[in-house]
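This report refers to the structure that appears directly beneath it.
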2 protein chains.
Amino acid sequence: MRSSRPTVLDVARLAGVGASTVSRCLRGGPHLRPEVQERILRAIAELGYEPNEVARSLRGGRTNTIGVVFPHIANTFFSLCIQQIEQEATRRGWTVMLLSHQESVAQQSKQLAVLRRSRVDGVILTPAPGSDPEQVRKELHGMPVVALDRPLWTGVDHVMLRNREAAEMATQHLLGHGYGEIACATASPEIYSFVERIAGYRAAMARAGLGDELILAEDYTRLRAAAGEALRRRPTLRAIISLSNMATFAVVQAIRDVKHEGEREVAMIGFDDVDFATLVEPAITVVRQPTEAFGHEAVALLVQRLTEEAATPLQQRLLAAELVVRASCGCAYRD
Amino acid sequence: MRSSRPTVLDVARLAGVGASTVSRCLRGGPHLRPEVQERILRAIAELGYEPNEVARSLRGGRTNTIGVVFPHIANTFFSLCIQQIEQEATRRGWTVMLLSHQESVAQQSKQLAVLRRSRVDGVILTPAPGSDPEQVRKELHGMPVVALDRPLWTGVDHVMLRNREAAEMATQHLLGHGYGEIACATASPEIYSFVERIAGYRAAMARAGLGDELILAEDYTRLRAAAGEALRRRPTLRAIISLSNMATFAVVQAIRDVKHEGEREVAMIGFDDVDFATLVEPAITVVRQPTEAFGHEAVALLVQRLTEEAATPLQQRLLAAELVVRASCGCAYRD
DNA sequence: TTGTAAGCGTTATCAG
DNA sequence: CTGATAACGCTTACAA
């Protein structure tokens with residue numbers, strides 16, 4: 001079927017030149033006689049020659065590929081990041097190998113092994129919770145890495161959210177509306193970004209001289225139940241902030257659950273600008289993460305490190321979140 | 001930094017054997033003397049040897065990689081498919097190169113060129129609207145391909161939704177509720193799946209002896225406006241079906257827009273089981289696409305074709321959609 | 001059973 | 001300015 005494709009040698013023969021001359025012509029080498037270049041280009045066109053990147057990679061020791069390992073692919077936060085990464089990588093002429101670890105350290109190890117054997121030039125990684133940084137460092141085996149959304153170890157580039165500030169901002173906003181009791185809901189509280197956001201929430205509450213109430217669960221089904229329970233247990237609880245898109249979903253459901261049992265207004269601020277934020281009533285005020293910047297910066301940083309001559313200083317991109325004020329926080333403003 | 005990694009030769013030398021023996025040992029070759037195998041494994045462990053997949057690919061002419069080209073990555077339908085594809089590919093020991101064409105034929109051409117030069121073994125493709133099948137066939141240059149969600153040409157494997165049946169089912173359901181005037185909303189009506197779904201909707205309306213009303217637009221902002229306009233223009237219009245997750249979003253907004261202007265109940269059935277379906281009031285009845293099956297089947301089909309001995313007959317997987325009945329269609333049932 | 005050698009398609013090096 | 005040649009790391013004949 002696919003009769004083996006033409007090689008530089010075929011082109012060289014047809015053009016009546018040596019293989020290395022063809023190679024130079026392709027790579028835009030220094031000075032070729034115009035006439036020769038002409039012949040080569042004609043031969044390339046005639047044969048439909050296209051360079052074999054695999055051979056190039058073997059020869060050059062570089063694959064022009066970056067490995068991307070995320071916890072999940074369909075989660076809106078990550079899928080938006082991936083979208084940006086793919087676009088930015090394509091724009092710069094790089095190729096993306098996409099893998100996921102499902103929050104499992106074991107699966108992460110396997111995926112890093114795949115990347116090692118594939119000899120990708122660099123990695124963008126959102127490490128699984130419980131990762132041992134030293135272990136990951138070994139598993140990377142010298143491949144440059146950019147940590148995205150969660151830290152790896154000081155010594156590698158990071159692209160992260162200002163998590164504490166983000167959660168503080170949301171909490172402050174609710175406090176500004178006069179809410180005294182504010183709960184904070186998340187699943188998987190061991191995940192770094194949630195740890196940080198919890199800290200931010202607590203800091204804001206403490207500064208206001210108020211106690212905190214955490215609503216935690218192992219997964220999002222349970223989080224919905226736990227949030228409902230918390231609301232029923234504390235009738236004076238009138239405000240909740242959630243720490244992720246999934247948690248926002250669960251909290252909205254919980255508030256609705258409780259509402260169905262009797263009138264009860266509960267203010268909330270969500271995390272991530274999920275699409276349903278403007279659809280529910282009232283529209284949800286959310287902390288928006290700059291997903292485009294996450295993807296763009298991660299690729300930019302990694303490519304810079306991969307193409308740099310001299311060692312670039314360590315880069316820590318700390319991205320600011322933005323409060324998108326709608327109605328659920330108690331603001332009069334309506335989308 | 002990364003002092004060049006050990007090769008088979010290093011392992012061979014350390015184990016005091018030939019390179020091919022190491023290779024055989026790795027590939028689970030036939031009969032090795034246990035003692036030799038022992039020595040090799042020890043050497044591998046000691047050196048931390050890992051096979052270079054690039055060299056393997058060059059030598060073997062196969063990359064163990066599948067190229068995946070989708071219109072978008074962050075659209076929930078596609079991101080769910082991608083998730084499945086990645087998982088299924090990983091499970092089977094394949095690797096995924098992810099690319100997007102943004103519904104642009106030109107961009108699609110570029111991405112297929114990337115796949116050709118990368119020598120991926122096969123491709124999963126959702127072609128951009130306006131693709132010339134013959135052109136795509138040439139651009140694939142003999143690489144096996146599975147068309148996902150949209151057709152390529154008879155002669156390649158397909159994984160598609162039973163689009164007509166899906167839209168008919170939704171329309172029928174609305175008709176069953178007694179709605180006579182039912183509109184059908186979608187952006188980009190030139191995209192294959194939407195063409196088919198429109199046909200299904202029309203067939204159901206025609207069978208009921210009713211006229212159809214299409215609400216079309218170039219993008220989803222305009223679709224929201226167009227749907228609102230349609231509702232205002234025809235006060236007797238009380239039901240709408242939408243043909244995609246994005247259209248569902250736009251229609252929900254439009255209905256809400258109109259509702260705000262005065263009491264008006266509009267029934268609807270959405271497409272794709274978007275997360276906001278259960279959050280809005282009333283919960284949205286939707287046509288659910290089996291995204292797991294899309295991803296799973298696409299990989300299964302492609303891998304089968306890539307590893308087959310004899311030519312497998314053409315496969316056309318036509319997946320059935322499922323009507324997830326909630327409340328927005330007029331059913332009493334509440335989630 | 002095991003080792004030797006050729007070659008996958010490129011490109012860097014080094015003569016001409 | 002251009003052409004032969006030698007790797008890159010692996011596997012598959014073919015010998016031994």
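For region B:1-155, the relative contact order comes to 19 percent (Cα pairs under 8 Å, sequence separation of at least 6).
Given the protein assembly as shown, what percent of its DSSP beta bridges are antiparallel, to the nearest 5?
Values: 7 of 78 bridges.
Antiparallel bridges make up about 10 percent of those DSSP assigns within the protein assembly as shown.
Peptides B:245-255, A:282-292, B:213-223 ordered by packing proxy, namely the average of other Cβ atoms within 10 Å per residue, highest first: B:245-255, A:282-292, B:213-223. Computed on region A:163-288, with alpha-carbon pairs under 8 angstrom and 6+ residues apart, the relative contact order is 25 percent. 3J(HN,Hα) couplings calculated from phi for region B:139-147 with the Karplus curve 6.51 cos²θ - 1.76 cosθ + 1.60 (θ = phi - 60°) are, in sequence order, 5, 6, 6, x, 5, x, 9, 10, 7 Hz; Gly and Pro show x.
Rounded to the nearest whole Hz, the Karplus-based 3J(HN,Hα) values (6.51 cos²θ - 1.76 cosθ + 1.60, θ = phi - 60°) of region A:75-81 follow the sequence 4, 4, 4, 5, 5, 5, 4, with x at glycine and proline.
For region A:8-51, the C-alpha radius of gyration sits at 0.96 times the compact-globule guess of 2.2 N^0.38 Å, with N the residue count. Using 1/(1 + (r/R0)^6) with R0 = 41 angstrom and r between the beta carbons of B:GLU263 and A:ARG233, what's the FRET efficiency to the nearest 0.05? With a Förster radius of 41 Å, E is 0.65. If I build a Gaussian network model for chain B, linking alpha-carbon pairs within less than 10 angstrom, which residue out of B:GLY60, B:GLY155, B:GLY18 has the largest mean-square fluctuation? Answer for the Gaussian network model of chain B: B:GLY18. If amide H atoms are built 1.01 Å from N in the plane of the peptide, which residues on other chains or at least 5 residues away come under 5 Å of the amide H of A:TRP153? The answer is none. With the convex hull drawn over the C-alpha atoms of region A:123-251, the volume per residue is 107 Å³. The length gained by stretching the chain between A:ALA206 and A:ASP132 to full extension, at 0.36 nm per residue less their Cα-Cα distance, is 23.5 nm.
Averaged over peptide B:52-65, how many Cβ atoms belonging to another chain are found within 10 Å of each residue's Cβ?
5
Once backbone amide H atoms are built at 1.01 Å from N, A:ALA74 has no partners under 5 Å, excluding neighbours fewer than 5 places away on the same chain. Only one residue of A:ALA166, B:SER193, B:LEU148 has its Cα farthest out toward the positive end of the dipole of the protein assembly as shown, where Lys and Arg carry +1 and Asp and Glu -1 on Cβ, and that residue is B:LEU148.
From least to most packed, judged by other beta carbons within 10 angstrom and beginning with the fewest, A:ASP257, B:ASP132, B:ASP149 follow the order B:ASP132, A:ASP257, B:ASP149. Placing unit charges on C-beta atoms (Lys and Arg positive, Asp and Glu negative, everything else neutral), compute the dipole magnitude of the protein assembly as shown about its Cα centre in debye, rounded to 20. Charge dipole, the protein assembly as shown, about its Cα centre: 2020 debye, nearest 20.
Counting only lysines at least 8 places from A:LYS110 when in the same chain, those with an alpha carbon closer than 21 Å to its own are A:LYS138.
Restricting the GluC sites (Glu not before Pro) of region A:228-266 to loop positions (DSSP other than H, G, I, E, B) with no more than 15 neighbouring Cβ atoms within 10 Å leaves A:GLU263, A:GLU265. Rounded to the nearest 20 debye, the dipole size of chain B about its Cα centre is 1040 debye, using +1 on the Cβ of Lys and Arg and -1 on the Cβ of Asp and Glu.
A cut-off under 10 angstrom between Cβ atoms defines the neighbours of A:LEU243, and their net charge, with Lys, Arg +1 and Asp, Glu -1, is -1. Phi angles of region B:264-273 translate, via the Karplus equation with coefficients 6.51, -1.76, 1.60 and θ = phi - 60°, into HN-Hα couplings of 6, 8, 10, 7, 7, 10, x, 10, 6, 7 Hz per residue; Gly and Pro are given as x. Residues whose amide H comes within less than 5 Å of that of B:ASP273, counting only those at least five positions distant or on another chain, are B:GLN289 (H built at 1.01 Å from N in the peptide plane). Remark: region B:1-154 carries a charge dipole of roughly 580 debye about the Cα centre, counting +1 on each Lys and Arg Cβ and -1 on each Asp and Glu Cβ. Quick one: in chain B, what % of C-alpha pairs are over 28 Å apart? Within chain B, distances greater than 28 Å cover 53 percent of Cα pairs. Averaged over the residues of peptide A:77-83, the number of Cβ atoms from other protein chains lying within 10 Å of each residue's Cβ is 5.
Of the beta bridges in chain A, as assigned by DSSP with both residues counted there, near 10 percent are antiparallel. For chain B, the longest principal axis of the Cα atoms and the long axis of helix B:163-176 meet at an angle of about 30 degrees.
Across peptide B:131-143, the average count of Cβ atoms from other chains found within 10 Å of a residue's Cβ is 1.
Summing Lys and Arg as +1 and Asp and Glu as -1 over all other residues whose Cβ lies under 13 Å from the Cβ of A:ALA320 gives a net charge of 0.
Extent along the principal axes, Cα only, for the protein assembly as shown: 79, 67, 55 Å, with the longest axis given first.
Per residue, chain B reaches -14500 deg cm²/dmol at 222 nm when only DSSP H runs of four or more residues are counted, each adding -39500 (n - 2.57). Measuring between their Cα centroids, region B:207-275 and region B:125-146 lie 34 Å from each other.
A short reminder: the numbers here are calculations on the coordinates, not readings from a lab. Just so we're clear, the structure is a prediction, and the values are computed from it rather than from any experiment. Ideal geometry is used to build each Cβ from the backbone, glycine not excepted, and the neighbour counts take in all protein chains shown.
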